[in-house]
Amino acid sequence: MAIRHLMSPLDFSVEETERLLDLANDIELHRDTYSNICEGKRIATLFYEPSTRTRLSFEAAMMNLGGKVLGFHSEDSSSATKGESVADTIRIVSCYADIAAMRHPKEGAPLVASLKSSIPVINAGDGGHQHPTQTLTDMLTIRSLKGRLDNLTIGLCGDLKFGRTVHSLIESLSRYPGISFVLISPEELRVPSYVRNGMKSKKIPFSEVEKLDAETMADLDILYMTRVQKERFFNEADYVRMKDFYILDREKMALAPKDMCVLHPLPRVNEISVEVDDDPRACYFKQAQYGVYARMALILTLMGIEVSK
Ligand code: CP
């Protein structure tokens, strides 16, 4: 059987994505059924960049499935510091593990690894490019909370230029009917042209605005906040100027629709005030929990493991 990797959320068809999300929902409901299904299997988490949620949720996912975990959490703690390439690294890791999740600051690094790998490789975030497992998490969250992935108006707010989760989410949701986007960012942090052109070519309705106000939020089903990505800025002064451009606080939430869900891939810095956390529309911590179910479903899907019921 050909090895299947995940580099972009578009690697899965809409039908395959729906099957994976169904599996994630089943895992959520029947945790015990899946608790030993990966006994004897190992996931390698190869993280060349910092992470809390993605790395730990992959590790939790494999442990929840009865498998084991190995890996490194920074470039400094691997032989990359001695000059080893990702291609050589994955060849070695293929001898030790059954599946690998890789985060790397360079766009395309997980793809390079996948070309030399004899185990499935998952892109766990590559530079400012893609973050497909965050997208699966976001889609699972939206579908679970709203009951659908079609006919939604999604507001995306903050750093839409460097926020890789935004690029992946727009591309994925653009495949569903009745989707429209409100892109809320300062001029300098607008979505890259390839993302904008993709929406235009698919005739997806979208608007680009700067203000996060009552008018902008009026029709939103989802408000997806993002942090300004400090690590992708070329100079500190630009980051400092941009970092507090948006702060979603209680006052702003009073202007938002009563059934709007607020999502955020996290980590948050200042863009959502902690006073919003108790608002029933604040769903970003639930979203992190959905990330475990999405990654459990992904591990099973890429390893071709099915539960017998
Ligand atoms: N959402 C996300 O990718 O978080 P981490 O950087 O903590 O993995």
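The values are calculated or read from the model by the stated rules, or taken from the named source; none is laboratory data. Predicted model only: the values in this text are computed from it and were never measured. Please note: Cβ atoms are built from the backbone with ideal geometry, for glycine as well, and neighbour counts cover all protein chains shown. We work out accessible area using only protein heavy atoms, side chains counted, and drop any ligands, DNA or RNA first. Shrake-Rupley method; radii C 1.70, N 1.55, O 1.52, S 1.80 Å.
Residues in region 227-242 that are touching a residue at least 24 places away in the same chain (Cβ under 8 Å) and out of contact with any Phe, Trp or Tyr (no Cβ under 9 Å at 6 or more places or on another chain): Arg227, Asp238. Does region 109-117 contain any residue that is within 13 Å of the ligand (Cβ to nearest atom) and at pLDDT 95 or above? Checking region 109-117: not a single residue is within 13 Å of the ligand (Cβ to nearest atom) and at pLDDT 95 or above. When Pro265, Pro280 are checked against the criterion of being loosely packed, with under 14 Cβ neighbours inside 10 Å, closer than 19 Å to Ser144 by Cα and either in contact with a Gly (Cβ under 9 Å, 6 or more places away or on another chain) or at pLDDT 95 or above (or both), a single residue qualifies: Pro280. Of the conditions (1) more than 29 Å from Ile247 (Cβ to Cβ); (2) more than 16 Å from the ligand (Cβ to nearest atom), Ile122 clears all except one; give me its number. If we test Ile122 against (1) more than 29 Å from Ile247 (Cβ to Cβ); (2) more than 16 Å from the ligand (Cβ to nearest atom), just (2) comes out false.
The combined condition, being modelled with pLDDT of 95 or more and in contact with a Lys or Arg (Cβ under 6 Å, 6 or more places away or on another chain), is fulfilled by Glu275.
Check whether at least one residue in region 72-80 is among the aromatic types (Phe, Trp, Tyr) and more than 23 Å from the chain's Cα centre (by Cα), and report yes or no. Break it down into steps so the answer makes sense when it comes.
If we filter region 72-80 for residues that are among the aromatic types (Phe, Trp, Tyr), which is where we start, we get 72.
Then drop every residue that is not more than 23 Å from the chain's Cα centre (by Cα), which leaves none.
No, every residue in region 72-80 fails to be among the aromatic types (Phe, Trp, Tyr) and more than 23 Å from the chain's Cα centre (by Cα).
Considering each of Asn36, Asn25 in turn, give the residue that is within 16 Å of Tyr290 (Cα to Cα) and either away from the ligand (no atom under 16 Å from the Cβ) or among the hydroxyl-bearing types (Ser, Thr, Tyr) (or both). Step by step, each of Asn36, Asn25 is checked, and only Asn25 is within 16 Å of Tyr290 (Cα to Cα) and either away from the ligand (no atom under 16 Å from the Cβ) or among the hydroxyl-bearing types (Ser, Thr, Tyr) (or both). Of a type outside the set (A, V, I, L, M, F, W, C), closer than 19 Å to His131 by Cβ and open to solvent by less than 60 Å² (accessible area, probe 1.4 Å): which single residue out of Tyr224, Tyr246, Tyr239 fits that description? It is Tyr224. For first residues located in region 45-57 and in contact (Cβ under 8 Å) with a residue 60 or more places away in the chain, partners that are polar (S, T, N, Q) and lie 6+ apart or on another chain with Cβ distances below 6 Å form the pairs Arg55/Thr45.
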